[in-house]
1. Can you confirm whether segment 386-394 contains a residue that is at pLDDT 95 or above, surrounded by fewer than 23 Cβ atoms within 10 Å (Cβ to Cβ) and not small (G, A, S)?
2. Sort through V221, V206, V144 and tell me the only one that's of a type in the set (V, I, T), farther than 23 Å from L379 by Cα and either within 17 Å of the chain's Cα centre (by Cα) or modelled with pLDDT under 95 (or both).
3. State whether one or more residues within segment 306-325 are surrounded by fewer than 17 Cβ atoms within 10 Å (Cβ to Cβ), of a type outside the set (F, W, Y) and in contact with an Asp or Glu (Cβ under 9 Å, 6 or more places away or on another chain).
4. May I ask you to say which residue of H235, H211 is touching a Pro at 6+ places or on another chain (Cβ under 8 Å), part of a loop (DSSP other than H, G, I, E, B) and either closer than 28 Å to H272 by Cβ or within 12 Å of the ligand (Cβ to nearest atom) (or both)?
5. Check off (1) surrounded by 18 or more Cβ atoms within 10 Å (Cβ to Cβ); (2) in contact (Cβ under 8 Å) with a residue 24 or more places away in the chain for A352 and give me the number that stays unchecked.
6. Among the numbered criteria (1) in contact with a Phe, Trp or Tyr (Cβ under 6 Å, 6 or more places away or on another chain); (2) among the aliphatic types (A, V, I, L, M); (3) buried (at least 24 other Cβ atoms within 10 Å of the Cβ), which single criterion is violated by A228?
7. How many of the residues making up segment 246-259 are assigned to a loop (DSSP other than H, G, I, E, B) and either within 16 Å of the ligand (Cβ to nearest atom) or free of Cβ contacts under 8 Å to residues at least 40 places away in the same chain (or both)?
Amino acid sequence: MTDDLESRFADLIARRTDFPALARLHEGRTLAHFDGPGGTQVPQTVIDAVSGCYRTANANTHGFFVTTVETDRMLHDARAAMADFLGADNARDISFGANMTTLAWGLAHAFARRFQPGDEVLVSNLDHEANRGPWLMLREHGMVVREIAIRPDATLDYDDFAAQVTPRTRLVAVGMASNAFGTVNDIARARELAYRAGAWLLVDAVHYAPHFPLDVRSLGVDFLLCSAYKFYGPHVGVLYSRNGLLDGLATDRLRTQDPRAPHRIETGTLNHAAIAGTLAAVDYLASLGAGASRRERVIAALNRVAEYERELAQRIWRGLQRLPAVTLVGPPFGTGRRAPTVSFTVAGLEAAEVCRRLAERGICAWDGHFYAIRPIELLGLLERGGVTRVGISLYNSVEDVDRLLAAMAEIVAGA
Ligand SMILES: Cc1ncc(COP(=O)(O)O)c(C=O)c1O
């Protein structure tokens, strides 16, 4: 089975050498990175693009000299790359920001000026706080913010979802994949419910984007947010707004700021070097797939990455299932889509202690709630220190997984 997996995905596995961080030794051995959901490692091409920006074209925008002209071109190219990544029609639909959270707050301020007291907003109890807090703030402006319930297996309760959409719903904000449990939500259903009410659909695709191809047009979303540092790029937030929507929003803006999309929500000077790295991250993913266009290559690559990551994640799931002290949290790997992110608790050991012992063995994993504090709280896990989360990224190997499983067997045995 191992050999079969390694030969079937030999092309992807060969690309591990693209990531310099994987060669780093700590106490004489390499690190096994299961911390991807908190931020992935980056390939050399991304590192080169970031440093290349500082080496050769470090300037502000909209001038006449060569470096400013090149900066303008790079920013346009990066928007075009993200449009390819997301399936957007136009580079103008892509805005950049410090991170996803900052862009969400920016949108929330604009929605506060747009919606009326009594208007309704629907958020979910499964989400990261970045896709809850900014919309919950709308209560301060007289809006009614409702929360979609979750089920014990960390999936959305779609009956509750449907029941909470009313003719006054103006915005439905849901995640596409849970960064705590790997749950993938039914966005087609969310779209249908939002559409029926005439509400906007905003999707947090931060945890989904590294693992599956996205297509904003077929999803029919109005806004979609993601973060480049989760898909092998630098720390940059990305906002897709359906054509024309951003132009109609009263965003926080200086008098001097370009009022047109995509700039309308971009405050101050952007992080040009990180955006150059974001462009390189999209090109890197495209380099893993075949096709006539960059969009086709990205889709082919991510479909293949999804297959590989799922097999590794399932291997973790099955391996942990054999340890009686371990309780897996979240939906099992069934027939539907599921992100390759596995969370669990260990009888008698808090998640922080599990992660400390994994760290002693050179294994990087996160503990706690990962800002998805609401579902962790509702599932009764917060007072127990949350969960241990291991996430698969495209550069993980069978060896990493077996090292993790061997470490967990030792840890539960008290070693
Ligand atoms: C699902 C999800 N949404 C939103 C965020 C926030 O992203 P950022 O750090 O870019 O603000 C994260 C970060 O972990 C996330 O996993």
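The values are calculated or read from the model by the stated rules, or taken from the named source; none is laboratory data. If you're wondering where the values come from, they're calculated on a predicted model, not measured in any experiment. Cβ: placed from backbone, ideal geometry, glycine included. Neighbour counts: every protein chain shown.
1. No: zero hits.
2. The unique qualifying residue is V221.
3. No, segment 306-325 has no match at all.
4. The conditions single out H211.
5. (1)
6. It is condition (1) that A228 fails.
7. First, pick out the residues of segment 246-259 that are assigned to a loop (DSSP other than H, G, I, E, B): 249-259.
Going one step further and asking which of them are either within 16 Å of the ligand (Cβ to nearest atom) or free of Cβ contacts under 8 Å to residues at least 40 places away in the same chain (or both), we end up with 253-259.
Selection size over segment 246-259: 7.
Residues are listed down the side, and each one gets a yes or a no for (1) more than 16 Å from the ligand (Cβ to nearest atom); (2) of a type in the set (A, V, I, L, M, F, W, C); (3) in contact (Cβ under 8 Å) with a residue 40 or more places away in the chain:
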site	(1), (2), (3)
R16	yes, no, yes
F19	yes, yes, yes
E27	yes, no, yes
H33	no, no, yes
F65	yes, yes, no
T68	yes, no, no
A81	yes, yes, yes
D93	yes, no, yes
R114	yes, no, yes
